[in-house]
Amino acid sequence: MSESWNEYHFVVQMPHMAPGEKLSEVEMLKMLAAHQWESIARALGQRPSQIQNEQGDRLYGSVIDVEFHLGKQHSQEILGEDAEVHVCNQVRFFAKKFVEGLFVIDHQPIRPGDLDAIKSREDLRARGGSWACMTNAFIARGGGNTRLKVFKPAGVEHLRVPELTQTPEGIREQGRVQRTGVMPVLDPELSFLPLADGAPGPVRYQIVPESDLNGAGLVYFARYEAMMNYGERLFLRDHLERPISSDFVAHLSTEHRRAYFFANASPSDEVHVFVSAGLLPPDRFEQPDPKVGYRQPLKLEFRIDLYRASDLQLMASSLVRKSLNVPGHNKAVLAEAERLLRQVAPGRATGGEPD
């Protein structure tokens, strides 16, 4: 492996999985973040637990942006139990306070030559397949979860770490989204039909310290995605003309997510989850190979915003596209998808009996 890339590998087991016998996006993001923090520590020549600022305060790698994409050959269902996941990660520093990480993801070992042309997030997008990009800030707690400050790691000025000369996209877009509220589209060629009229009230989520906080006592970034998934499920159940079943929701699989993170929260706080959604009928996208063992009657795109209830501070914003991956034998969910299509996109229903 090239010196600028770090190689990691794990086998999907039950702790990494979500209902539906598939890889959990939340657990996958945790793995990617752990790999990146290890790569950062290697660049600094010390263990992750030893990274401090000049004042001796422990520094943590706060995630300010993540983009995660699974190619057609790597749906969450395909990366199920016992699947091998190979990850190559490259990190580069910016202003000595931030780090951008690029990830290439595959189900088989990644050849070094496959990485030679990858220099940026745009290169990952052009390459296709499965990949991720993550931007970290070195932060220390300033007396609580709502007062976090960015620092340089001690000694970094004297190290020859890989550096970026231009502001990473994650930093630029995170600031722009926070100022304007406008999210960059995932795919300009896809046009989704609104799934619900009006602006429903928020889904309320009470922070659970036992599962939402990390070892530093901060709400962990991957748990933001878990809150978003919770909000999506209750939105589909409670805010549509007809409710969507839990079985339907369990067959939604993430294809592409962009998320930006702006603020943390105290363990006793509540989060307000605002959700809107659109639907993509099956005639607007390519169907999967029949060999994969499931059908895709539709895709959904969600916009989710998290607000801290105590002061209504925006915590995070995300745009995510999910496909409904349904085994042919699950006639109940296929029929439910047919009803939803007829309601939202008349004339674009799949038609016929499920296989």
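The values are calculated or read from the model by the stated rules, or taken from the named source; none is laboratory data. Treat the numbers as computed from the prediction; the structure is a model and nothing was measured. Neighbour counts are summed over all protein chains in view; Cβ atoms, including those assigned to glycine, are modelled from backbone coordinates with ideal geometry.
Among the residues examined, Val182 qualifies as hydrophobic (A, V, I, L, M, F, W, C), assigned to a loop (DSSP other than H, G, I, E, B) and either in contact (Cβ under 8 Å) with a residue 12 or more places away in the chain or surrounded by fewer than 17 Cβ atoms within 10 Å (Cβ to Cβ) (or both).
Annotation: Glu225 fulfils all but one of (1) of a type outside the set (S, T, N, Q); (2) modelled with pLDDT of 95 or more; (3) surrounded by fewer than 16 Cβ atoms within 10 Å (Cβ to Cβ); the unmet one is (3).
Out of Asp57, Asp106, Asp114, Asp65, I need the residue that is at pLDDT below 95 and in contact with a Cys (Cβ under 9 Å, 6 or more places away or on another chain). Which one? On inspection, the qualifying residue turns out to be Asp114.
Residues of the range 49-75 that are in a helix (DSSP H, G or I) and either in contact with a helix residue (DSSP H, G or I) (Cβ under 6 Å, 6 or more places away or on another chain) or closer than 24 Å to Ala216 by Cα (or both): Ser49, Gln50.
Return the residues of the range 139-162 that are surrounded by 11 or more Cβ atoms within 10 Å (Cβ to Cβ) and under 20 Å from Leu102 (Cα atoms); say none if nothing qualifies. If the condition is that a residue be surrounded by 11 or more Cβ atoms within 10 Å (Cβ to Cβ) and under 20 Å from Leu102 (Cα atoms), then Val161, Pro162 are the ones that fit.
For the range 111-136, a residue qualifies if it is more than 17 Å from the chain's Cα centre (by Cα) and either assigned by TED's automatic domain parsing to the domain that holds Leu213 or surrounded by 18 or more Cβ atoms within 10 Å (Cβ to Cβ) (or both), and the qualifying residues are Leu115, Ile118.
Of everything listed in (1) part of a helix (DSSP H, G or I); (2) surrounded by fewer than 13 Cβ atoms within 10 Å (Cβ to Cβ); (3) among the acidic types (Asp, Glu); (4) free of Cβ contacts under 8 Å to residues at least 24 places away in the same chain, the single unmet condition for Glu189 is (1).
Looking for something without any contact (Cβ under 8 Å) to a residue 12 or more places away in the chain and either surrounded by fewer than 17 Cβ atoms within 10 Å (Cβ to Cβ) or not assigned by TED's automatic domain parsing to the domain that holds Gly20 (or both) - is there at least one such residue anywhere in the range 239-249? There is at least one residue in the range 239-249 that is without any contact (Cβ under 8 Å) to a residue 12 or more places away in the chain and either surrounded by fewer than 17 Cβ atoms within 10 Å (Cβ to Cβ) or not assigned by TED's automatic domain parsing to the domain that holds Gly20 (or both). Where the second residue is in a helix (DSSP H, G or I) and among the hydrophobic types (A, V, I, L, M, F, W, C) and the first is assigned by TED's automatic domain parsing to the domain that holds Pro153 and lies in the range 25-43, which pairs have Cβ atoms under 6 Å and are six or more apart or on separate chains? Final answer for the pair search is Val26/Ala222; Val26/Ala226; Leu29/Ala222; Lys30/Ala222.
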